[in-house]
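This report concerns only the one structure given below.
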């Protein structure tokens with residue numbers, strides 16, 4: 001981990017990245033068109049956009065699950081692949097992707113096993129407590145609610161104290177009430193770690209409440225067309241979401257998401 | 001929940017009624033010689049089977065056959081799992097191994113037995129065929145099961161920098177367990193059949209030997225008693241397999 005004096009250093013550097021998919025009918029689909037984005041060390045950035053705007057593709061590129069057609073991505077000066085190989089990446093997807101045959105404790109400790117390290121039981125226990133799953137350590141994912149599974153999935157992403165945290169609609173499958181609650185939880189958890197984070201979402205409220213900076217993308221081809229610094233101080237109480245300023249920004253971003261000509 | 005229990009009870013009653021009906025029909029056909037003298041009554045077969053003078057004979061034969069089947073089952077399962085894991089990690093080998101396995105499986109065991117006879121001692125032909133039969137089922141179940149893991153699980157393993165070995169042992173093998181257990185369930189009966197066929201080619205003892213000798217000496221009750229043992233044993237293992245399957249599916253999916 002870099003020390004906190006380097007707050008302004010660029011952690012993720014996305015330069016002129018395009019991703020073109022060859023479709024079955026032989027045509028090309030440009031999912032991302034020359035995206036430039038720099039994310040600072042310890043910054044929380046939300047990628048906001050309608051479905052099909054390429055924001056998930058962007059996240060998969062940063063996670064080294066896909067490679068750009070052109071352009072380059074570097075994370076702390078090296079290839080995203082190296083970051084994954086060094087076990088310095090944490091990811092939570094919309095699908096919790098917990099292993100059904102492992103207990104919650106074993107699922108959260110899985111990154112240690114994959115890194116070939118001895119599981120730090122104290123660290124696992126403290127994360128279980130942090131995400132509010134104390135008492136469910138020995139349960140299996142199928143015995144938990146959707147919200148609890150997502151919390152376990154976020155705990156798993158955080159357990160190795162990754163340099164970069166990637167969140168792809170982690171609460172997308174939850175109902176609105178649980179989702180709001182989970183966002184408050186995530187804001188609190190993130191506040192205790194301050195990991196460089198890239199969140200993909202189509203929820204304006206979620207992006208505004210969680211992020212330091214919101215990037216709005218447009219679809220076909222996927223481009224960045226608006227950026228917004230979020231002015232609210234941290235730690236953010238849930239009440240922030242009821243402030244007039246919050247609503248103004250929600251309106252502004254919602255308008256930006258509307259298709260052109262409306 | 002109560003509705004479910006009710007259904008289960010009803011299906012158990014239907015099943016039991018079916019078995020009783022089957023045995024009654026068997027008894028009726030045997031008693032009245034409806035299908036001639038080669039169809040004995042069920043009670044005759046059972047009293048022949050449980051005649052204390054023959055206890056030793058049936059015990060020795062069953063032990064011989066079941067140990068061949070068990071040996072073949074264990075070896076076949078081991079080979080099936082190792083081969084399937086091997087071609088999973090080195091996919092280049094997959095098409096060739098698939099084809100070779102299918103080819104071996106498509107040759108009737110009864111045609112291969114004389115060839116085995118050349119290579120292995122007489123008393124091991126049964127185990128060799130049992131091994132082959134079990135191997136094929138486990139190999140097929142495992143190769144398809146190893147691709148069972150979901151895309152999001154594979155993504156998580158990639159992002160967390162998992163090695164190939166970890167991916168196999170911590171993701172693909174556990175995900176393959178349900179279909180593999182289903183395969184094992186069928187492999188048991190296939191191994192028993194294999195052991196018996198193998199015994200037809202000059203084994204010194206076993207249920208297969210009893211069957212052949214009963215056929216040649218027109219000992220109808222002995223023939224049916226041997227078949228009854230095989231059927232009951234196969235069904236018991238099939239039932240155990242179904243229980244194991246239920247447990248594994250609940251835990252691993």
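The values are calculated or read from the model by the stated rules, or taken from the named source; none is laboratory data. Everything quoted here is computed from the prediction, not taken from an experiment. Methodologically, a virtual Cβ is constructed for each residue, glycine included, from the backbone with ideal geometry; neighbour enumeration extends over all protein chains shown.
All of (1) within 20 Å of residue A:167 (Cα to Cα); (2) modelled with pLDDT of 90 or more; (3) touching a helix residue (DSSP H, G or I) at 6+ places or on another chain (Cβ under 8 Å) hold for residue A:95 with one exception: (2). Set side by side, the residues B:44, B:51 differ, and just one is free of Cβ contacts under 8 Å to residues at least 40 places away in the same chain and within 30 Å of residue B:222 (Cβ to Cβ), which is B:51. Each residue in the range B:88-124 was checked for being without any contact (Cβ under 8 Å) to a residue 12 or more places away in the chain, within 16 Å of residue B:198 (Cα to Cα) and in contact with a helix residue (DSSP H, G or I) (Cβ under 7 Å, 6 or more places away or on another chain), and 1 of them qualify.
Residues that are within 11 Å of chain A (Cβ to nearest Cβ) and either assigned to a helix (DSSP H, G or I) or under 24 Å from residue B:15 (Cβ atoms) (or both): does the range B:183-195 have at least one? Within the range B:183-195, none of the residues are within 11 Å of chain A (Cβ to nearest Cβ) and either assigned to a helix (DSSP H, G or I) or under 24 Å from residue B:15 (Cβ atoms) (or both). Considering the conditions (1) without any contact (Cβ under 8 Å) to a residue 12 or more places away in the chain; (2) under 24 Å from the mean Cα position of the chain (by Cα); (3) within 14 Å of another protein chain (Cβ to nearest Cβ), residue A:129 is excluded by exactly one of them, (3).
For (1) over 16 Å from residue A:162 (Cβ atoms); (2) in contact with a helix residue (DSSP H, G or I) (Cβ under 8 Å, 6 or more places away or on another chain); (3) within 10 Å of chain B (Cβ to nearest Cβ); (4) surrounded by fewer than 19 Cβ atoms within 10 Å (Cβ to Cβ), each residue gets a yes or a no:
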| site | (1), (2), (3), (4) |
| --- | --- |
| A:83 | no, no, yes, no |
| A:86 | no, no, yes, yes |
| A:90 | no, yes, yes, no |
| A:100 | yes, yes, yes, yes |
| A:111 | no, yes, yes, no |
| A:122 | yes, no, no, yes |
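The single residue among A:135, A:77 that is at pLDDT 90 or above, more than 13 Å from chain B (Cβ to nearest Cβ) and out of contact with any strand residue (DSSP E or B) (no Cβ under 8 Å at 6 or more places or on another chain) turns out to be A:135.
Counting just the residues of the range B:161-182 that are surrounded by fewer than 24 Cβ atoms within 10 Å (Cβ to Cβ) and assigned to a loop (DSSP other than H, G, I, E, B), which one comes out farthest from the other protein chains (Cβ to nearest Cβ)? Per the criteria, the residue is B:163.
Just wondering, is there one or more residues in the range A:215-226 that are more than 17 Å from residue A:56 (Cα to Cα) and modelled with pLDDT of 90 or more? Scanning the range A:215-226, I find no residue that is more than 17 Å from residue A:56 (Cα to Cα) and modelled with pLDDT of 90 or more, so the answer is no.
Is one or more of the residues making up the range A:66-73 more than 12 Å from chain B (Cβ to nearest Cβ) and surrounded by 19 or more Cβ atoms within 10 Å (Cβ to Cβ)?
yes
Restricting the first member to the range B:186-207 and to residues that are within 17 Å of residue B:60 (Cα to Cα), and the second to residues that are part of a loop (DSSP other than H, G, I, E, B), the beta-carbon pairs closer than 8 Å and six or more apart or on different chains are B:195/B:206; B:196/B:206; B:199/B:206.
Quick one: which of A:94, A:150, A:161 is on the phi > 0 side of the Ramachandran plot and either touching a residue at least 12 places away in the same chain (Cβ under 8 Å) or more than 13 Å from chain B (Cβ to nearest Cβ) (or both)?
A:161
Does any residue of the range B:115-136 turn out to be in the same structural domain as residue B:209 (by TED's automatic domain parsing), surrounded by fewer than 21 Cβ atoms within 10 Å (Cβ to Cβ) and not in a helix (DSSP H, G or I)? So far as the range B:115-136 goes, yes, one or more of its residues are in the same structural domain as residue B:209 (by TED's automatic domain parsing), surrounded by fewer than 21 Cβ atoms within 10 Å (Cβ to Cβ) and not in a helix (DSSP H, G or I).
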